[in-house]
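**Student:** The structure that follows is given in the form of structure tokens.
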Ligand SMILES: Cc1cc2nc3c(=O)[nH]c(=O)nc-3n(C[C@H](O)[C@H](O)[C@H](O)COP(=O)(O)OP(=O)(O)OC[C@H]3O[C@@H](n4cnc5c(N)ncnc54)[C@H](O)[C@@H]3O)c2cc1C
């Protein structure tokens, strides 16, 4: 039975507190290593399937239609929430991919612990020689009886410090062109062959890591998707990531119905918007934020079977631009006090540069928009048809 908005609010208000509309939103992935708050929030929601409504009931959802799920998501914005950054890869990236590509056994095993927060996932894609050129991944997976032995190293692995599972892209066939010889695996981050080393970010985050994979055995049942199908799964995962980054840059569905958002009203109340140039910048941030919301909604509407298309790159670009303009404006208007650690907007200011890199750089998003949305001629790719084993590599 499809729920009305009133029924959704009745149910949510019995488990969550109403949100203060003037409260500040969280900053994506910054200072949010408090796992307990998010865990308690997910535990409260999982009984009604509110966090992942479209997933089946047995996997922590409620079998909702897309329309119902959108209304639930909008309704959740009216209640106190936790910063779910630590749980984001599982909920927004791995979960949807498993729903579409996982075996029934994998779905039974992994989806519910993602929905209730008991198992955290990280994304092990990037390597020292494979960032924008992600298909250049060199981590090897070699067949060994009914499983695989993985060896290599990953870098920029967010949430690596506390993850139970890693979604790991590895090369299973070096003798075919680079995009074709890749396969996706779920790697147990507690395996003794996994070494996770912290990379402390300028904003203080400590969950960011490099991961060394030394002869880690992975059963074939933990292969996600087809052998050699890793690139397709990568593209899908990144599309989910860009769509979720596009929609959540300000930490949730805040201020939707308000003519003037709380952060802007706060600056006005303090008298800091008296200067015409500051007002101009504030309006730019405001307009970019609105454009971001429309772009995100359009990209969600164009998604096919729940899988976002390349339009998600437009949403990501808009959201990054909006985040940066706002963060830098708040910082500039704080004057000398803004130089202090812990001053308003400080965390957002220190996090802002990374927004143009994580989930694929701005330049790469523009390439995607140019080629796959606008249909412009593609970049020359001289190595596209050359076997990976014959490509020049750094020694
Ligand atoms: C905060 C943060 C979190 C991250 N989390 C994760 C994670 O959890 N898992 C994960 O796997 N990775 C993660 N990453 C890695 C991220 O995806 C990569 O850093 C990103 O894709 C860029 O790769 P690179 O750093 O190797 O830079 P490079 O690919 O070496 O790029 C260097 C510069 O060259 C430009 N460039 C490269 N190719 C092109 C091109 N074809 N056209 C135009 N310009 C180009 C880039 O835009 C960039 O400015 C994270 C990164 C950050 C900053």
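**Student:** Look at residue 108 and say whether it is more than 16 Å from the ligand (Cβ to nearest atom), in contact with a strand residue (DSSP E or B) (Cβ under 9 Å, 6 or more places away or on another chain), assigned to a helix (DSSP H, G or I) and over 17 Å from residue 181 (Cα atoms). So that I can check it myself, show each step before the final result.
**Tutor:** Numbers: more than 16 Å from the ligand (Cβ to nearest atom): yes; in contact with a strand residue (DSSP E or B) (Cβ under 9 Å, 6 or more places away or on another chain): no; assigned to a helix (DSSP H, G or I): yes; over 17 Å from residue 181 (Cα atoms): yes.
In short, no.
**Student:** Quick check: anything in the stretch 126-145 within 13 Å of the ligand (Cβ to nearest atom), within 30 Å of residue 54 (Cα to Cα) and within 16 Å of the chain's Cα centre (by Cα)?
**Tutor:** Yes, the conditions are met somewhere in the stretch 126-145.
**Student:** Something else now. Which of (1) in contact (Cβ under 8 Å) with a residue 12 or more places away in the chain; (2) touching a helix residue (DSSP H, G or I) at 6+ places or on another chain (Cβ under 8 Å); (3) more than 21 Å from residue 241 (Cα to Cα); (4) within 15 Å of the ligand (Cβ to nearest atom) is the odd one out, the single condition residue 333 does not satisfy?
**Tutor:** It is condition (4) that residue 333 fails.
**Student:** Among the listed residues 291, 364, which satisfies the condition of being within 16 Å of the ligand (Cβ to nearest atom) and surrounded by fewer than 19 Cβ atoms within 10 Å (Cβ to Cβ)?
**Tutor:** Details: 291 fails: within 16 Å of the ligand (Cβ to nearest atom).
Only one candidate passes the filter, namely 364.
**Student:** Against the condition within 12 Å of the ligand (Cβ to nearest atom), within 19 Å of residue 143 (Cα to Cα) and in contact with a strand residue (DSSP E or B) (Cβ under 8 Å, 6 or more places away or on another chain), how does residue 169 come out, does it pass? I'd like the intermediate steps shown before the answer.
**Tutor:** Working: within 12 Å of the ligand (Cβ to nearest atom): yes; within 19 Å of residue 143 (Cα to Cα): yes; in contact with a strand residue (DSSP E or B) (Cβ under 8 Å, 6 or more places away or on another chain): yes.
Judged against the criteria, residue 169 is a match.
**Student:** What about residue 99, is it closer than 18 Å to residue 240 by Cβ, within 12 Å of the ligand (Cβ to nearest atom) and outside the structural domain of residue 364 (by TED's automatic domain parsing)?
**Tutor:** For residue 99, the condition - closer than 18 Å to residue 240 by Cβ, within 12 Å of the ligand (Cβ to nearest atom) and outside the structural domain of residue 364 (by TED's automatic domain parsing) - is not met.
**Student:** Something else: Quick test of your reading of the structure: residue 205 fulfils all but one of (1) away from the ligand (no atom under 12 Å from the Cβ); (2) crowded, with 19+ Cβ neighbours inside 10 Å. Name the failing condition by number.
**Tutor:** If we test residue 205 against (1) away from the ligand (no atom under 12 Å from the Cβ); (2) crowded, with 19+ Cβ neighbours inside 10 Å, just (1) comes out false.
**Student:** Output the residue which, of all residues in the stretch 1-45 that are surrounded by fewer than 19 Cβ atoms within 10 Å (Cβ to Cβ) and under 20 Å from the mean Cα position of the chain (by Cα), is modelled with the highest pLDDT.
**Tutor:** Among those that are surrounded by fewer than 19 Cβ atoms within 10 Å (Cβ to Cβ) and under 20 Å from the mean Cα position of the chain (by Cα), it is 39.
**Student:** Could you figure out which of (1) surrounded by 24 or more Cβ atoms within 10 Å (Cβ to Cβ); (2) within 12 Å of the ligand (Cβ to nearest atom) isn't true of residue 150?
**Tutor:** Looking at each condition in turn, residue 150 falls short on (2).
**Student:** Could I ask something else about it? Sort out which residues of the stretch 367-393 are within 12 Å of the ligand (Cβ to nearest atom) and exposed (fewer than 14 other Cβ atoms within 10 Å of the Cβ), and write them in order of number.
**Tutor:** Within the stretch 367-393, 378, 379, 380, 381 meet the criteria.
**Student:** Here's a follow-up. From the list 117, 138, pick out the single residue that is in contact with a helix residue (DSSP H, G or I) (Cβ under 6 Å, 6 or more places away or on another chain) and part of a loop (DSSP other than H, G, I, E, B).
**Tutor:** Values: 138 fails: in contact with a helix residue (DSSP H, G or I) (Cβ under 6 Å, 6 or more places away or on another chain).
Among 117, 138, only 117 is in contact with a helix residue (DSSP H, G or I) (Cβ under 6 Å, 6 or more places away or on another chain) and part of a loop (DSSP other than H, G, I, E, B).
**Student:** Select from the stretch 153-176 the residues that are surrounded by fewer than 20 Cβ atoms within 10 Å (Cβ to Cβ) and either at pLDDT below 95 or over 20 Å from residue 217 (Cα atoms) (or both) and list them in ascending order.
**Tutor:** 162, 175, 176
The values are calculated or read from the model by the stated rules, or taken from the named source; none is laboratory data. From a predicted model like this one, the values you see are computed outputs, not experimental measurements. When we count neighbours, we look across all protein chains shown, and the Cβ atoms used for this are built from the backbone with ideal geometry, even at glycine.
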